[in-house]
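Since every read-out is calculated from the coordinates, none of them should be taken as a lab result. Source: prediction; values computed, not measured. Note that we place each Cβ from the backbone using ideal geometry, even for glycine, and neighbour counts take in every protein chain shown.
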Amino acid sequence: MTPIKVLHVLEVEQEAFYFSNLVDFTDRAEIEFSFVSFAPEGGFSKSLKERGLKVHNLGWISKSRYLYVAKELRSILKEEDPAIVHTHQFNATTTGLTLAKRQRCKTVMTRHHSDALHQLPSALKRRFYLTLEHRNNRLSDQIIAPSTRVRDVLVDQEGVPSDKVHVIPYGQTMHRFAAVTKEMVEKKQSELGMDRQLSLVCVSRLFHRKGHAYLFEALAPLIREGLSARLYLVGEGEYKPELESMAKRLGIRENIEFLGWRTDVLSLISASDIVVHPSLEDALSQSLIESLMLGRPIVATDISGATDTLNGGKYGKLVPPADADAFRVALVETIKDIDSALARADKGKDYLLEYMDARRVANQYTEIYQRLVR
């Protein structure tokens with residue numbers, strides 16, 4: 001039997017365990033993967049090349065480089081001659097689907113965002129991007145939604161036929177989480193002083209739609225009332241100056257540590273007392289998955305994939321987005337009953353390992369690919 005050739009087109013530079021797990025648990029006698037990334041070489045391409053896969057890196061797409069990137073992708077498509085082109089992320093999807101259809105390839109799109117484009121404040125920009133979004137939906141033969149909320153946006157708001165959309169989460173294994181040892185956690189707590197007070201960790205890009213402002217507003221009154229706590233922000237972004245200014249204004253700047261981009265995220269999450277996730281938009285938050293897989297108590301906004309990950313709030317606290325008061329109440333409840341929160345999180349790990357089992361996810365992808373070529 002000849003394997004089905006599937007070319008993934010995406011915009012990824014750092015290692016993405018979602019793709020590593022997909023590759024590792026897919027039968028190569030059935031599916032032959034190759035990748036094109038609209039990014040420079042980095043951890044992503046290195047990880048897949050070590051697995052014996054072909055990866056083409058085109059560099060970041062921009063207006064000045066668009067024609068070059070499109071030309072290179074067209075040449076790769078002719079050279080690889082895949083049966084299926086599977087696209088991810090907006091720029092790679094918009095370009096990849098167009099060229100794939102010109103070559104008469106079957107197409108699959110994974111929708112990695114929820115309703116972010118529907119929330120754009122500019123009506124003109126919103127109309128422009130949603131026009132492209134609808135076009136991408138039409139050009140995709142099949143669409144994978146990583147969470148039920150993404151599926152609902154596609155079907156209920158954007159009119160995609162329901163039989164074209166499949167809810168498949170990001171595949172998980174216990175391997176990299178089991179590598180986080182007690183010694184690693186204790187060392188991280190000592191290095192950052194996380195063992196000297198209540199330590200909250202938030203892993204998220206510093207961007208206004210990630211909800212940090214509401215987290216600050218929730219935390220400030222508790223600190224003024226005497227709560228000994230420190231918030232560790234893991235991530236980079238253009239919103240950092242605004243957040244620093246807001247923290248000073250609220251009187252909590254000394255309680256916030258901006259850690260930037262880190263390679264030790266799992267150890268930091270494990271070293272925390274509570275993980276907080278105030279985001280206003282996500283498709284399926286990787287940091288929430290990692291936090292639950294590591295058995296950490298969670299307070300998060302009830303958006304998109306958060307309810308899938310926490311099973312409707314069974315394994316962590318879910319609050320309405322953009323509601324600092326509700327976030328504060330949930331945080332206080334978690335602090336007061338931390339043992340119960342830890343027990344729920346530990347059970348949540350077992351739930352995720354079943355719901356997001358990497359082998360099951362890979363088999364679902366394979367079934368979609370096989371159905372398409374038939």
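Of interest is the spacing of the C-alpha centroids, which for the range 37-79 and the range 264-278 amounts to 32 Å. Starting from the Cα of TYR66, step 7 Å toward the Cβ, then list every residue of the range 100-114 with an amide N under 20 Å from that point. Only 100-103 fall inside the zone, counting backbone N under 20 Å.
Among the listed pairs LYS54/LYS187; LYS125/LYS314; LYS54/LYS317; LYS54/LYS125; LYS63/LYS210, those whose Cα-Cα separation exceeds 30 Å are LYS54/LYS187; LYS125/LYS314; LYS54/LYS317; LYS54/LYS125. In sequence order, the range 134-143 has phi-based couplings of 4, 5, 4, 4, 5, 6, 8, 6, 9, 10 Hz under the Karplus curve 6.51 cos²θ - 1.76 cosθ + 1.60, θ = phi - 60°, and Gly or Pro positions carry x.
Label-to-label distance for LEU342 and ARG359 is 3.2 nm, based on points extended 7 Å past Cα in the beta-carbon direction. Between LYS248 and THR2, the distance separating the two model label sites (each 7 Å from Cα on the Cα→Cβ line) works out to 6.5 nm.
Here each label is just a point 7 Å from Cα along the line to Cβ, and for ALA179 and GLN14 those points are 1.5 nm apart.
Exposure proxy for THR107, THR87, THR148, THR2: other Cβ atoms within 10 Å of each Cβ, ordered fewest to most, give THR2, THR148, THR107, THR87. Think of each Lys and Arg Cβ as +1 and each Asp and Glu Cβ as -1; about the Cα centre, that makes the dipole of the range 252-374 roughly 420 debye.
Which trypsin sites (Lys or Arg not before Pro) in the range 69-120 pass both tests, a DSSP loop state and at most 11 other beta-carbon atoms within 10 Å?
Numbers: sites: LYS71, ARG74, LYS78, LYS101, ARG102, ARG104, LYS106, ARG111; in loops: ARG104, ARG111.
Of the trypsin sites (Lys or Arg not before Pro), the ones in loops of the range 69-120 whose Cβ has at most 11 other Cβ atoms within 10 Å are ARG104.
Taking GluC sites (Glu not before Pro) across the range 271-374, none is in a DSSP loop with at most 14 further Cβ atoms lying within 10 angstrom of its Cβ. Placing unit charges on each Cβ (+1 for Lys and Arg, -1 for Asp and Glu) gives the chain a dipole about its Cα centre, and among ILE303, LEU7, LEU53 the Cα reaching farthest toward its positive end belongs to LEU7.
The GNM of the chain, with springs linking C-alpha atoms under 10 angstrom apart, assigns the highest mean-square fluctuation among LEU124, LEU243, LEU48 to LEU124.
Highest GNM mean-square fluctuation among SER75, SER270, SER122, for the chain modelled with Cα contacts below 10 Å: SER122. Rounded to whole numbers, the Karplus 3J(HN,Hα) couplings from phi for the range 186-198 are 5, 5, 5, 4, 5, 4, 9, x, 6, 8, 9, 6, 5 Hz, using 6.51 cos²θ - 1.76 cosθ + 1.60 with θ = phi - 60°, and x at Gly and Pro.
Evaluate the charge dipole of the range 1-88 about its Cα centre and quote only its size in Debye, nearest 20, assuming +1 on the Cβ of each Lys and Arg and -1 on the Cβ of each Asp and Glu.
Working: 11 positive and 13 negative charges, 74 e Å.
Here the range 1-88 has a charge dipole of around 360 debye.
The candidate values are [x] 37, 23, 20; [y] 33, 23, 19; [z] 42, 21, 21; the one derived from this structure for semi-axes √(5λ) of the Cα gyration tensor in Å carries the label [x].
Quote to one decimal, in nm, the extra length available between ARG104 and LEU120 on full extension: 0.36 nm per residue of separation minus the C-alpha distance between them.
Gain on stretching ARG104 to LEU120: 2.4 nm.
Using C-alpha pairs under 8 Å with a sequence gap of at least 6, the mean separation divided by the residue count of the chain gives a relative contact order of 16 percent.
Counting beta carbons within 10 Å around each of ASP323, ASP350, ASP308 and listing the fewest first gives the order ASP350, ASP323, ASP308. Exposure proxy for LYS317, LYS164: other Cβ atoms within 10 Å of each Cβ, ordered fewest to most, give LYS164, LYS317.
Sketch the reach of a paramagnetic label on VAL167 as a point 7 Å from Cα along Cα-to-Cβ, and name the residues of the range 133-158 whose backbone nitrogen lies under 15 Å away. Under cut-off, by backbone N: 144-157.
For the chain, give the magnitude of the charge dipole about the Cα centre (Cβ charges: +1 Lys/Arg, -1 Asp/Glu; no others), in debye to the nearest 20.
1160
Suppose R0 equals 30 Å; then what is the FRET efficiency for VAL373 and SER75 from their Cβ-Cβ distance, rounded to the nearest 0.05? Efficiency, rounded to the nearest 0.05: 0.80.
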